[in-house]
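All of the numbers you see were taken from the coordinates with simple rules; none came from a lab. What you see is a predicted model; the values in this text were computed from it and never measured. Because the Cβ atoms are built from the backbone with ideal geometry, glycine has one as well, and the counts that use them run over all protein chains shown.
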Ligand SMILES: NC(=O)c1ccc[n+]([C@@H]2O[C@H](COP(=O)([O-])OP(=O)(O)OC[C@H]3O[C@@H](n4cnc5c(N)ncnc54)[C@H](O)[C@@H]3O)[C@@H](O)[C@H]2O)c1
């Protein structure tokens, strides 16, 4: 029987941006299972409240905060809400991310709006989160920040240029903040997931299959699994729970000497 040694985060307080869906929701659940109380910060308030109920079912406290990470005032309010409810923030997970501007999945070429909006959410969302929480973490001389980038940020791609570029930037920004915050005992790391079946990837399948003749199209899930088979050496998809477990590790005391790193969680895949 396989036994897993679970990292414990008893009584830590975590904020997860984009925690209402997909990967963020999985991260919130794993952090709660390990003993943390969780603030779910998302632009979608209804879904955030639902994600909170899932955390509460795991026996931990949760708070839903409506937040738009493209706005610094909104991430400031998110951090204030977390501190007034729980008294502290130990962990910030900057996970909120988008594939492009409005209806990006209906285009095969990047529009100006795709460039602007991915940068606003995938890069400035991280910057705003860090800027909002850093004074509190510096004062406590303790903090763990985990940013969710992507394997797509490792190298340029032909079709999804704006997205890859935003994720490459997310990796670089994480390295910069790791250096800047190291003197205050704040660790900043980055996770680069590969292929995960979430609402985001459902839209990617729509985008990629839009140029195919109808007879060659398959169901979104089937297309996704074909990609997994073609790209992932380990031959299996990655899951929000996988990302949650790596987040829990990076947020734990075991990882106290790890900072400025970006870790692929992609089954060994070499392209995206
Ligand atoms: N799914 C994958 O295969 C995959 C792979 C690599 C990286 N990622 C990254 O993982 C992260 C989560 O992706 P996902 O697949 O769970 O996507 P998702 O679309 O399921 O979830 C994204 C969440 O972010 C929220 N969000 C979007 N814009 C926001 C904003 N301005 N402010 C606050 N919240 C906002 C959404 O409401 C949603 O709840 C993203 O950064 C994504 O780029 C995903």
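Tabulated results
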{"item": "Å³ per residue enclosed by the Cα convex hull of the chain", "result": "130 Å³"}
{"item": "Angle in degrees between helix 22-33 and the longest Cα principal axis of the chain, rounded to the nearest 10", "result": "30 degrees"}
{"item": "222 nm mean residue ellipticity, helices alone, for the chain (DSSP H n ≥ 4; -39,500 (n - 2.57); rounded to 500)", "result": "-14000 deg cm²/dmol"}
{"item": "Cα-based helix-to-principal-axis angle, 45-57 vs the chain, degrees rounded to 10", "result": "60 degrees"}
{"item": "Degrees separating the helix 199-209 axis from the principal Cα axis of the chain, which is the longest one", "result": "20 degrees"}
{"item": "Label point distance in nm, residue 56-residue 71, each placed 7 Å from Cα along Cα→Cβ", "result": "2.6 nm"}
{"item": "Theoretical gain in end-to-end length, residue 184 to residue 107 [0.36 nm per residue, Cα-Cα removed]", "result": "23.3 nm"}
{"item": "Tail weight of P(r) past 19 Å, computed on alpha-carbon pairs of segment 101-216, percent", "result": "52 percent"}
{"item": "Segment 148-272, Rg to Rh (Cα coordinates; Rh as Kirkwood inverse mean 1/r)", "result": "1.04"}
{"item": "Average Cα contact separation per residue, the chain, under 8 Å, 6 or more apart, as relative contact order %", "result": "20 percent"}
{"item": "Length added when fully stretched, residue 172-residue 221, from 0.36 nm per residue minus Cα-Cα", "result": "14.4 nm"}
{"item": "Segments 199-211, 235-247 sorted - mean Cβ within 10 Å per residue, highest first", "result": "235-247, 199-211"}
{"item": "Fewest-first ranking of 136, 256, using other Cβ atoms within 10 Å as the exposure measure", "result": "256, 136"}
{"item": "Mean-position separation - Cα centroids, segment 41-114 and segment 182-212, in angstrom", "result": "15 Å"}
{"item": "The chain - share of DSSP beta bridges that are antiparallel (%, nearest 5)", "result": "0 percent"}
{"item": "Spin-label proximity, residue 212 to segment 147-170 - amide N less than 17 Å from point 7 Å beyond Cα toward beta carbon", "result": "159"}
{"item": "Relative contact order of segment 1-112, pairs being alpha-carbon contacts under 8 Å that are 6 or more residues apart, as %", "result": "27 percent"}
{"item": "Stretch gain in nm, segment residue 45-residue 241, where the contour uses 0.36 nm per residue and the Cα spacing is subtracted", "result": "68.3 nm"}
{"item": "Residue 80-residue 263 pseudo-label distance in nm [points 7 Å out on the Cα-to-Cβ vector]", "result": "3.5 nm"}
{"item": "Contact order normalised by residue count of segment 147-272, Cα under 8 Å, 6+ apart, percent", "result": "34 percent"}
{"item": "Selected from 116, 37, 90 as most flexible by GNM, with the chain as the system and alpha-carbon contacts under 10 Å", "result": "116"}
